[in-house]
């Protein structure tokens with residue numbers, strides 16, 4: 001029998017990813033030892049060991065073979081693989097592999113393509129090294145086709161029949177429908193756009209995600225059209241027509257929407273999607289996000305967003321607990337889409353998607369979409385990733 005190979009996850013972060021993968025890929029058992037296991041789905045936050053056997057989570061760490069590979073996670077966090085419910089991976093400008101290195105084992109492209117060009121994004125999903133699904137944009141050619149926003153020229157791009165057909169043909173990859181409702185995208189026909197998105201989603205029972213921020217229609221009117229399970233992204237967009245009134249108070253219709261099952265997603269992004277002031281006002285009124293997402297694209301890799309762990313760290317700076325922040329990218333993110341219900345947990349027998357992260361201490365600057373900065377003392381950084389039992 002071989003001796004166990006011991007690999008410290010912190011040191012692994014300094015090695016080439018391919019080398020780490022080669023070291024461990026030959027084994028079908030893995031022991032992650034001594035980390036703080038944070039699994040909000042099970043209410044677990046404690047130091048312990050975790051095993052992976054044949055690609056699945058095992059809590060039996062006492063009967064592993066001597067050939068088992070070992071990752072020393074002492075001083076690190078062991079959490080379920082991160083789920084980013086709002087990314088843009090169009091045309092592979094932002095390769096899913098980049099997200100995987102950040103600990104994002106599952107991501108959703110949120111409306112980059114519509115029924116007329118969905119094949120291009122499906123090819124990216126098929127070739128991705130992690131789990132990639134997509135929201136179909138109700139606009140026929142998706143997000144910014146040919147540099148022109150979807151509905152500035154009228155409602156014609158919202159072809160319900162073609163969207164339904166695209167969903168039916170590609171149901172294995174499509175998990176929802178996206179409607180961008182900002183004035184610069186949908187002009188003054190945002191309610192028509194939303195109604196068409198809902199109509200497109202109804203035969204398949206998929207949720208609709210709406211992009212808010214400077215809509216022509218007041219948010220309560222848009223919320224009244226949504227169904228339980230539908231999603232509001234860019235929830236901390238400033239007025240007009242955000243979740244707060246002119247005095248900074250949470251609109252009662254917003255809390256009412258959450259109470260009837262509407263989900264609220266952060267969606268960091270780059271362009272007027274959130275400000276510190278709105279986030280702080282909402283959090284002070286007990287209105288945190290259901291999900292924390294990056295809305296990451298290529299420019300965001302180098303400004304404001306950077307990666308999902310950085311976005312998560314902003315909420316630590318805003319005062320959310322570590323447990324709640326991790327829930328927003330694991331168990332609560334998994335609850336957003338029906339296809340993800342079995343993900344987001346380290347439960348016995350679940351697929352072994354795992355992120356090993358460091359909660360670094362120091363001084364870190366974070367920025368909102370308006371160049372406003374805040375200094376935090378903690379930052380989450382991914383040190384090791386396991387996807388479907390394989391170390392990446």
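The values are calculated or read from the model by the stated rules, or taken from the named source; none is laboratory data. Since this is a predicted model, take the numbers as computed values, not measurements. Every residue, glycine as well, gets a Cβ built from its backbone with ideal geometry; the counts of neighbours run over all protein chains shown.
Structure values in brief
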item: Residues (in a strand (DSSP E or B) and either in the same structural domain as residue 263 (by TED's automatic domain parsing) or surrounded by fewer than 24 Cβ atoms within 10 Å (Cβ to Cβ) (or both)) located in region 51-72; result: 51, 53, 56, 57, 58, 69, 70, 72
item: Count - residues of region 98-107 that are at pLDDT below 95 and surrounded by 24 or more Cβ atoms within 10 Å (Cβ to Cβ); result: 1
item: Leading residue by the ranking (modelled with the lowest pLDDT) among those in region 78-97 that are closer than 29 Å to residue 49 by Cα and either more than 14 Å from the chain's Cα centre (by Cα) or part of a strand (DSSP E or B) (or both); result: 97
item: Enumeration of residues in region 294-309 that are within 14 Å of the chain's Cα centre (by Cα) and either free of Cβ contacts under 8 Å to residues at least 24 places away in the same chain or surrounded by 20 or more Cβ atoms within 10 Å (Cβ to Cβ) (or both); result: 294, 295, 296, 305, 306, 307, 308, 309
item: Meets criteria (closer than 20 Å to residue 72 by Cα and surrounded by fewer than 23 Cβ atoms within 10 Å (Cβ to Cβ)) for residue 381; result: yes
item: Region 23-48, residues that are modelled with pLDDT of 95 or more, surrounded by fewer than 21 Cβ atoms within 10 Å (Cβ to Cβ) and part of a helix (DSSP H, G or I); result: 41, 42
item: Complete set of residues in region 113-126 that are touching a helix residue (DSSP H, G or I) at 6+ places or on another chain (Cβ under 8 Å) and farther than 12 Å from residue 90 by Cα; result: 115, 116
item: Tally of residues being within 19 Å of residue 119 (Cβ to Cβ) and either at pLDDT below 95 or under 24 Å from the mean Cα position of the chain (by Cα) (or both) across region 141-167; result: 10
item: Residue list for region 316-331, restricted to those being part of a helix (DSSP H, G or I) and surrounded by 23 or more Cβ atoms within 10 Å (Cβ to Cβ); result: 325, 326, 327, 328
item: Answer from 111, 75 - the residue that is in the same structural domain as residue 159 (by TED's automatic domain parsing) and either under 18 Å from the mean Cα position of the chain (by Cα) or surrounded by fewer than 24 Cβ atoms within 10 Å (Cβ to Cβ) (or both); result: 111
item: Which numbered condition residue 155 fails, given (1) in contact (Cβ under 8 Å) with a residue 24 or more places away in the chain; (2) in a helix (DSSP H, G or I); result: (2)
item: Residue match in region 354-362 (condition: in a loop (DSSP other than H, G, I, E, B) and in contact with a strand residue (DSSP E or B) (Cβ under 9 Å, 6 or more places away or on another chain)); result: no
item: 2 or more residues buried (at least 24 other Cβ atoms within 10 Å of the Cβ) and either touching a residue at least 40 places away in the same chain (Cβ under 8 Å) or on the phi < 0 side of the Ramachandran plot (or both): qualifying helices (runs of 4 or more DSSP H) within region 172-269; result: 190-201
item: Any hit, region 163-170, residues being under 30 Å from residue 239 (Cα atoms) and part of a helix (DSSP H, G or I); result: no
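Yes/no matrix, rows are residues, columns are (1) out of contact with any helix residue (DSSP H, G or I) (no Cβ under 6 Å at 6 or more places or on another chain); (2) surrounded by fewer than 17 Cβ atoms within 10 Å (Cβ to Cβ):
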{"site": "128", "(1), (2)": "no, no"}
{"site": "154", "(1), (2)": "yes, yes"}
{"site": "157", "(1), (2)": "yes, no"}
{"site": "165", "(1), (2)": "yes, yes"}
{"site": "169", "(1), (2)": "yes, yes"}
